[in-house]
2 protein chains.
Amino acid sequence: MLSGLAVLSGVTMSSVTLAQKLPSEISLMPEPQSMTRGSGELLIDPTFKVELDGYVEPRLNLARERFFSTLSRETGITVWKPNDHPAELRIVTAGASKPVQQVGEDESYHLEITSVGAELKAANPLGVLHGLQTLLQLVVITPRGFVIPAVTIDDAPRFVWRGMMIDTSRHFMPMETIERNLDGMEAVKMNVFHWHLSDDQGFRAESHVYPLLQGKGSDGQFYTQEQMKKLVAYARDRGIRVVPEFDMPGHTTAWLVGYPELGSGKGPYAIERKWGIFNPAMDPTRETTYRFIDRLIGEMAAIFPDAYFHVGGDECNGKEWDANPRIQEYMKQHGFKNDAALQGYFSSRVQRMVAQHGKIPAGWDEILQPTTAKNVLIQSWHGPQFVTTAARQGNDVILSKGYYLDLILPAAEHYMVDPLGGTAALTPEEQKHVLGGESAMWSELVSTENIDGRIWPRNGAIAERLWSPAAKTQDVDSMYRRLEVLSQHLQAYGLQHASVYPEMLERMAGTEDIQRLKVLGDIVEPRKHHERTQHGSYDAFTPLNRMVDAIPPESMQAREFEHLCARISAGTAMDAERDQARELLTLWRDNDALLAPQLGASSLTTELIPVSSSLRVVAQTGLEAFGYLESGKGKATAEWRDSSLKELQVAVKQQAGLMLMVVGSVRELVMAASASMDSKPN
Amino acid sequence: MLSGLAVLSGVTMSSVTLAQKLPSEISLMPEPQSMTRGSGELLIDPTFKVELDGYVEPRLNLARERFFSTLSRETGITVWKPNDHPAELRIVTAGASKPVQQVGEDESYHLEITSVGAELKAANPLGVLHGLQTLLQLVVITPRGFVIPAVTIDDAPRFVWRGMMIDTSRHFMPMETIERNLDGMEAVKMNVFHWHLSDDQGFRAESHVYPLLQGKGSDGQFYTQEQMKKLVAYARDRGIRVVPEFDMPGHTTAWLVGYPELGSGKGPYAIERKWGIFNPAMDPTRETTYRFIDRLIGEMAAIFPDAYFHVGGDECNGKEWDANPRIQEYMKQHGFKNDAALQGYFSSRVQRMVAQHGKIPAGWDEILQPTTAKNVLIQSWHGPQFVTTAARQGNDVILSKGYYLDLILPAAEHYMVDPLGGTAALTPEEQKHVLGGESAMWSELVSTENIDGRIWPRNGAIAERLWSPAAKTQDVDSMYRRLEVLSQHLQAYGLQHASVYPEMLERMAGTEDIQRLKVLGDIVEPRKHHERTQHGSYDAFTPLNRMVDAIPPESMQAREFEHLCARISAGTAMDAERDQARELLTLWRDNDALLAPQLGASSLTTELIPVSSSLRVVAQTGLEAFGYLESGKGKATAEWRDSSLKELQVAVKQQAGLMLMVVGSVRELVMAASASMDSKPN
């Protein structure tokens, strides 16, 4: 009986635990600057009305429509019943924002909710957009219906640059994929979409001036100019700037397929199908190269109205330059000591062209030289030291190191990275050059199908880091609790991070019966950093349809189990917690026998047979440890401990690109079981 | 222990049972006319190539793209790797189909798959479209990867008219909602989309000639002419005709809001917000009415190229005519004995106008008079008797009675309804007038959110009835097995029938922890027929966000449990089946204690408290019955039986719009337990 209940509660333990904490807590992500609870709550019903006062523009009307549409998805209530009541929500906008959204515009808002109505005030539409998202996050279901709790909020961002980069070159992302992720960005108040449009594996922006860029460099997968303009407008409606990136002089193989004369090698070039750093690079010694770039920048600058224009500059390995006698001769003649100096020359010329087109150049760490113009924005993927150097030189800088979503790291790791972290050497004046940061979604291992699950909800933790006061972003447990709520909230925006996991499991299994497969999936994580691409034989054609592609980056169940085991090992666990841990271990141990027959039936699950079997072994060991901890018959023998640790050693070996996330916790149990009996609880 | 495993297997029992039967079975819906298994299988990998031979047109290229896109969603494999191999699939099209798709065109195809390649042959693109859908359904995951088993199929439809009607008036459905349902129709080879565009609750088609129709009759929720043309093209690409319906003279309240002079009452009129049959009706006595209709038909006939034009004609109650002295006078002068005669006059004039615009008129049963012109198509919502009458009169007829999806009936009920059922009195020649049938999705209780779950997968059973040979559509168990497979398959088309259920549960619960709520949801069904709207106080503003709106129409788990109990009561159950039933009963009994606290926390779940508690009581009774059946200590007492039956009587009472689907099965157990011990197994 007990065990029957246990399985149910065990499987969903993490969400149960979280849910129990929530009802009285207001869950916002990012946390606002200041918030005061009032008493009572505002009811949402079909007559809910929103009035626009003060300054009005079409974007505000669209925002109201979008508010209603999201509210309707959140609540299932369509808000449109005609009535003569005063509006429940009054939006007062003082004035317009800049025609093209600028860095550092006023994004603050003031929100006041009572049991009879709500008022949202902002200096301009940007604040209104943010305030509406806060409102949508405040909606909760109660015994009285869907309500917004009475609350007063004053809010404004800590950093002016809160961005996300999506690499649309390595895997092309259809418009709707980007659009729904912009919706997600709006939900967490991010304000820059950095669009990585070209790389070795594809040139994705339609050029009329150089049509072979997309014509030969994209496999037909590119954005038309009309689509790019549409996306800029879509982003502006959501308070998001769009910064395009055309990465050069390295990462340009796809350009060179159509225009080999731009390259430093012999050609012909073919679209790159592998992942990594490749040799092709533009020829920085020819004037024709600069004329080409200048015309392309001019064409693209007209499509992207943002003040910034990103020209990449990362990871040029210089091998084509080294191998080209003409370029070597040129370097000698012009006194370029090495490839870095040559790239420095190239970069500064490109930056000047960008400036001549009225744009502020942006680029990765590599473009920063002592002589780099002060108007250049540095995007740091190397971290604090580069941030410090840039800021000290007087260059604006944004941080991306620590925010790489493709590394599949726990949200907590991203969360604890601060744009100002490690920059203590800077003066307060210099620190002002640190404008914020950008998460980065490189797309070697994501397709349009699983990209949402790599971005969300973790990106919410980064968004909070960039928006909320530093003092309010120290509590990791609170972050995780709110991240879980955000995850559910984001489904109302059509994001597929949560739904794709079971759907991919069903495909793998060839049946809707995936409960046992999910028991396994729930406690494994994909390998971290670049381990998969380094050790695997991935290329652009590799299907991303395995367990490792389907599961969330982080096992919330493993995280909860770790907490349980820590308390158990420390002797501070309550009985219910010990029961919960034992039931989980039992579930895991018994899962293999039920799952194994299914695993053999599909080519996508056979690789999981040893993983499932490892889980059984680990769980069995955990249960044995439990037995010692509870039997009261003295501690486990050293012999048992050593053989157990050896088994765990085997189980920790990564298979199918997966990490079994419970091994560490079970090891802790084993150590506790073989330690002195004095530490046993009760 | 056992009980722990049991919960897992119990919860997903139905799918487990089905999945176990599948690997060797080819699961197609609709069943093809003839199919022969070959040996081996064709592998799907990123190099899979499709070649178009013979006649080619853009629609075939689009169909190939769509094939790749669905294949990619099915498999997670993007098929685009360039290669020089011969194509794996060769499509040979003999010639074109009609410029505007006609009733009765050749839709047959021939499909031959071996381990090295596949060939799809058809007389025209319509057959190709159907053949591609068959191919997509043949794809299965095996230990060797995704494959299409070697098979030879000859296929053609039994009926030429295989339609689905969607009512977009009572609840407006956005374009993408219709589009994804057309994708689903293509998947099951349906070929007519009947678009119910006007009714009392909304006029949804943009008219330039009479702009107040949508201007005052739609709350701004209508389809532009451009959108309607786009949908016609979208449907044609999928081998689907589009028949528009403008229902008159009743069901016209929304028309009269903008044009009250068309009405027979005093006006002013307001858009109807309730469900039911209402009094407003067009005035059949004025020539201005006919001029209006004529111009509107002319305008819409140009948008909808199909040969058929539906003018409704159902449920005109005549009350406005009865109350209007001028109309009464007119009837007297012209010798119309009653309202039906007046409507007959109206209908025949409208039919003539439709014909003058080059269209074949279609309408509901009510328009059939002895004098009705032979060119008029009758859509029967009354059933066989009307079908028989129409066919005998020489009118073509399609059946909808028995295919109303809004009645929330089991798929089996729809499945066993045949367009020729009950028409034995017809000669074979007369039977040819029965062109087929149409499922009908009236939208009182569906929104864009839950409509997919009302249509799919059940609509697949109707599609099969209309496509497959009568002899191949008698096995209900096979149908259910294949329906479950179809359900998963349809998710690759973006249909949300499966995903919406857990999402709506999460919203109701205000948390992602819905496992216990789902235990309850899995064994209840919505009330059937019109019971909800009759007994409830529903209107157009009522949120459709309750359990009754979220759950599938049919509890597959209850169906399986019923089968188990039947075998147990008959004494033919195996031990494993008895275990399974006992475990399910245990799960249900214990669920209430765990779920009840959650139910109280949300206004959307408080109504489920008594349902959950009833489930506990019923399950407890079932377990007691089990005890008697297995104890070997003699049969249960009459006293126990009577008190148990009384409890079940209480539990069967419908609450929250729901039916507890296990009561009947438990009653059977109770009866078995109190019957003679001789019937006890082993």
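The table below lists the values:
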{"quantity": "Sequence of A:Val650, A:Val128, B:Val92 from largest to smallest accessible area, 1.4 Å probe", "calculated": "A:Val650, B:Val92, A:Val128"}
{"quantity": "Net charge, B:Arg273 excluded, C-beta distance under 13 Å - Lys, Arg +1, Asp, Glu -1", "calculated": "-3"}
{"quantity": "Cβ neighbours within 10 Å from other chains - mean over A:524-534", "calculated": "0"}
{"quantity": "Accessible surface of the protein assembly as shown, 1.4 Å probe, proportion on carbon and sulfur as whole %", "calculated": "54 percent"}
{"quantity": "Cα-based reach from B:Lys266 at 13 Å (exclusive), listing aspartates and glutamates while leaving out same-chain residues under 8 positions away", "calculated": "B:Asp283, B:Glu320, B:Asp322"}
{"quantity": "Solvent-accessible surface (1.4 angstrom probe) belonging to B:Thr448, in square angstrom, nearest 10", "calculated": "50 Å²"}
{"quantity": "Scattering profile of the stretch A:209-260 at q = 0.17, 0.18, 0.23, 0.27 Å⁻¹ [log10 I(q)/I(0), Debye over alpha-carbon scatterers]", "calculated": "-0.64, -0.70, -0.92, -1.04"}
{"quantity": "Scattering curve values for the stretch A:563-618, log₁₀ I(q)/I(0), Debye with Cα scatterers, q = 0.18, 0.20 Å⁻¹", "calculated": "-0.65, -0.72"}
{"quantity": "Of every Cα-Cα pair in the stretch B:430-548, the percent that sits beyond 18 Å", "calculated": "64 percent"}
{"quantity": "Helix-only mean residue ellipticity at 222 nm for chain B, each DSSP H run of n ≥ 4 adding -39500 (n - 2.57), per residue, nearest 500", "calculated": "-13500 deg cm²/dmol"}
{"quantity": "Percent of alpha-carbon pairs separated by more than 44 Å within the protein assembly as shown", "calculated": "49 percent"}
{"quantity": "Formal net charge of residues neighbouring A:Leu660 (Cβ-Cβ distance under 10 Å; K, R +1; D, E -1)", "calculated": "0"}
{"quantity": "Inter-chain Cβ neighbour average for residues B:503-514, partner chain, 10 Å", "calculated": "6"}
{"quantity": "Distance from the stretch A:596-659 to the stretch B:394-462 (C-alpha centre basis), Å", "calculated": "54 Å"}
{"quantity": "9 Å beta-carbon shell around B:Glu112, net charge (K/R +1, D/E -1)", "calculated": "0"}
{"quantity": "Above-threshold pairs, the threshold being 24 Å between Cα atoms, out of A:Lys230/B:Lys216; B:Lys189/B:Lys229; B:Lys359/B:Lys472; B:Lys189/B:Lys230; A:Lys319/A:Lys374", "calculated": "A:Lys230/B:Lys216; B:Lys359/B:Lys472; A:Lys319/A:Lys374"}
{"quantity": "Calculated FRET value between B:Asp575 and B:Met416, using beta carbons and R₀ = 45 Å, to 0.05", "calculated": "0.85"}
{"quantity": "Accessible-area value, A:Ile44, 1.4 Å probe, nucleic acids and ligands omitted, Å²", "calculated": "10 Å²"}
{"quantity": "For the stretch A:191-277, the spread of Cα positions along each principal axis, largest first, Å", "calculated": "46, 26, 19"}
{"quantity": "In range of the label at A:Lys230: residues from the stretch B:220-243 whose backbone nitrogen is under 20 Å from the point 7 Å along Cα→Cβ", "calculated": "B:223-235, B:237"}
{"quantity": "Chain A, dipole about Cα centre (Lys/Arg Cβ +1, Asp/Glu Cβ -1), debye to the nearest 20", "calculated": "640 debye"}
{"quantity": "Three-way shape label, the stretch B:333-423, alpha-carbon gyration tensor, a/c 1.5", "calculated": "prolate"}
{"quantity": "Highest to lowest packing among B:556-566, A:193-203, scored as the average C-beta count within 10 Å", "calculated": "A:193-203, B:556-566"}
{"quantity": "Relative intensity, log₁₀ I(q)/I(0), of the stretch B:498-537 from a Debye sum that treats every alpha carbon as a point, q = 0.16, 0.28, 0.35 Å⁻¹", "calculated": "-0.52, -0.89, -1.09"}
{"quantity": "Space enclosed by the convex hull of the alpha-carbon atoms of the stretch B:51-175, per residue, Å³", "calculated": "160 Å³"}
{"quantity": "Buried solvent-accessible surface, both chains (B, A), 1.4 Å probe, Å² to nearest 100", "calculated": "4900 Å²"}
{"quantity": "At 0.890 mPa s and 25 °C, Stokes D of chain B from Kirkwood alpha-carbon radius, µm² per second", "calculated": "90 µm²/s"}
{"quantity": "Cα-projected label distance for B:Asp53 with A:Val92, points at 7 Å along beta-carbon direction, nm", "calculated": "7.6 nm"}
{"quantity": "Inter-part distance where the stretch A:219-266 and the stretch B:121-178 are each reduced to a Cα centre, Å", "calculated": "38 Å"}
{"quantity": "Partner chain coverage, peptide A:599-610 - average Cβ within 10 angstrom", "calculated": "3"}
{"quantity": "Surface accessible to a 1.4 Å probe, A:Asp306 within the full protein complex, Å²", "calculated": "10 Å²"}
{"quantity": "Sequence-distant lysines (8 or more away, or on other chains) whose Cα lies within less than 30 Å of A:Lys653", "calculated": "A:Lys274, A:Lys401, A:Lys518, A:Lys528, A:Lys635"}
{"quantity": "For chain A, with +1 on Lys and Arg beta carbons and -1 on Asp and Glu, the positive-most of A:Gly402, A:Ser478, A:Ser27 along the dipole", "calculated": "A:Gly402"}
{"quantity": "Equivalent ellipsoid, the stretch B:506-663 (semi-axes from 5 times Cα gyration tensor eigenvalues, Å)", "calculated": "30, 17, 15"}
{"quantity": "Solvent-accessible ranking of B:Phe309, A:Phe386, largest area first, probe 1.4 Å", "calculated": "A:Phe386, B:Phe309"}
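The values are calculated or read from the model by the stated rules, or taken from the named source; none is laboratory data. Just so it is clear, the model here is predicted, and its values are computed rather than measured. Cβ sites come from the backbone with ideal geometry, for glycine too, and all protein chains shown count toward neighbours. Ligands, DNA and RNA are stripped out before the accessible areas are found, and what is left, the full protein with its side chains, is counted by its heavy atoms. Shrake-Rupley method; radii C 1.70, N 1.55, O 1.52, S 1.80 Å.
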